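The structure appears below as structure tokens.
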Amino acid sequence: MRPMFDKTILVLTILKIDFNLNKSLYSDLYFELSKNANVIVLSLTDNDNQVTKYSESLEVHNIKVSSSFQKSKIKKAINLLRLNTKLLRYVKSNLKDTTIDLVLYSTPPITLNKSIKYIKNHYHAKTYLLLKDIFPQNAVDLGMFSKKGLIHKYFRIKEKNVYNLSDNIGCMSQANLKYILNNNNIDKHKIEINPNSIEINQIIEISSHQKQEVLDTYGIAKDKFKMIYGGNLGEPQGIEFILKVILENENHNNIITIVGSGTQSNRIKKFIVDNNLVNTVFIDKLAKDKFDLLLSACDIGLIFLDARFTIPNFPSRLLSYLEYSKPVIAATDLNTDVGETIKNGGFGYWCESKNTDDFFKLVEKMKIENINNQFGKTGRIFLEKYYNVDNSAELILEKIEV
């Protein structure tokens, strides 16, 4: 695709974006887009107001908001309703002379409708939604509020509105796309699959000595089968099932390492202590480089989702495991297609997150069948073919190509 530096993409996000410190699927995408167009990222976080220019075509504007936004999903959604005024004021004051060709945003949140509508109309910009979260139905699934209540009705109106405002919607997977079409009155031609994706880098395998050093650092036994879960630890992960898994794991020759933070992390730590679990290691959230090093020293990656979900989530953590050539075992609900992707891709196994016997049968099966890490190698090839950020960026850029 030819460079289009006469075009500008405006990104709206509630995530902290720092291209020097925090590598993520979002920063990878924004950086890739900036290779072919001008990208301005408006980051609504508790960082101080600041504009950081990373290149001639890439800059991040931090717009400071209260740290109270780092709360539960419902509280965050309610607080985010107040952001439109601040965001609109910033756009009108600081970007009034800027030409904007496309505004890019993701869910969460679903509450920036006024800002999106203003930018779309005032700048005659195209709008692109990266659908990463289906709210409020996910909250209903987890029993946070009733589908018959006013809270659901209010946020459902917001959700429909953001879909209607979007000229294009990029879904994470086929199940994601199908769900949105089946449950909303949306033109199918404006929806496409634009999956989670990352910049593909060559990974150098660490030596046996380095692995031992890493394992020693965190007190992880080298002679046991090492499973790792990394990511958020909240209701969506199905904490009840995770607790059953780590309790049952005491009867197996495995180590489960849990790395992350979230609303349920203290509960997990307390459970480990109260039950004197020796085959589970809990580590608070690590910087990406340290997590990647630990991941390199483990045998397989784990994915957990609550069995109650009726919406098809697709955890982005899968990409980290594939990047480091790790086989995957996923224990999830029946509606996500991440398990189908893992099985059909030939790099792991899936079970429903209800029965621990099913889970540990897959663990034992993995120990036998993953000869010479063939599953992990297959997963790496799958990543390079389907989850390369180049492809995601091209889908977005073609919307403003003339």
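Data for the structure
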quantity	calculated
Label zone at Asn266, where the point sits 7 Å out along the Cα-to-Cβ direction: the range 233-260 residues whose backbone N lies under 17 Å	233-235, 260
Label-point gap, in nm, between Ser146 and Glu250 - each point 7 angstrom along Cα→Cβ	4.0 nm
Paramagnetic reach from Asn391 (point 7 Å along Cα→Cβ, amide N under 18 Å) across the range 1-20	1
Computed Kirkwood radius, in angstrom, where 1/r is averaged over Cα pairs of the chain	22.2 Å
Computed lengthening from Lys86 to Leu334, 0.36 nm per intervening residue step minus Cα-Cα distance	85.3 nm
Reduced Cα scattering model of the range 329-396, Debye log10 I(q)/I(0), q = 0.19, 0.22, 0.26 Å⁻¹	-0.80, -0.96, -1.12
FRET efficiency for Phe5 and Lys290, using Cβ-Cβ distance with R0 set to 35 Å, rounded to 0.05	0.45
Nearest-0.05 FRET efficiency for His124 and Ser208, computed from C-beta distance (R0 41 Å)	0.10
Separation between Cα centres of the range 214-286 and the range 77-147, rounded to whole Å	36 Å
The range 208-386, Rg to Rh (Cα coordinates; Rh as Kirkwood inverse mean 1/r)	0.93
Charge-dipole axis of the range 208-386 as Lys and Arg at +1 and Asp and Glu at -1 on Cβ define it, positive-most pick from Gln264, Phe382, Gly238	Phe382
Principal-axis tilt of helix 113-122 within the chain, Cα atoms, nearest 10 degrees	40 degrees
Amide H contacts of Val281 (H built 1.01 Å from N, under 5 Å, at least 5 apart or other chain)	Ile256, Thr257, Ile258
Difference of contour (0.36 nm per residue) and Cα-Cα distance, Glu369 to Lys160	70.7 nm
Angle in degrees between helix 356-369 and the longest Cα principal axis of the chain, rounded to the nearest 10	80 degrees
Compactness relative to 2.2 N^0.38 Å, alpha carbon Rg of the range 255-342	1.15
The range 208-386: relative contact order as a whole-number percent, Cα under 8 Å and 6+ apart	20 percent
Gain upon complete extension [Thr99, Lys188; 0.36 nm per residue less C-alpha separation]	29.1 nm
The range 282-326 shape via C-alpha gyration tensor axes, a/c threshold 1.5	prolate
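Bear in mind that the values in this text are calculations on the coordinates, not laboratory data. As the structure is a computational prediction, the values presented were derived from the model and not from experiment. Here Cβ is always computed from backbone atoms with ideal geometry, including for glycine, and neighbour counts include all displayed protein chains.
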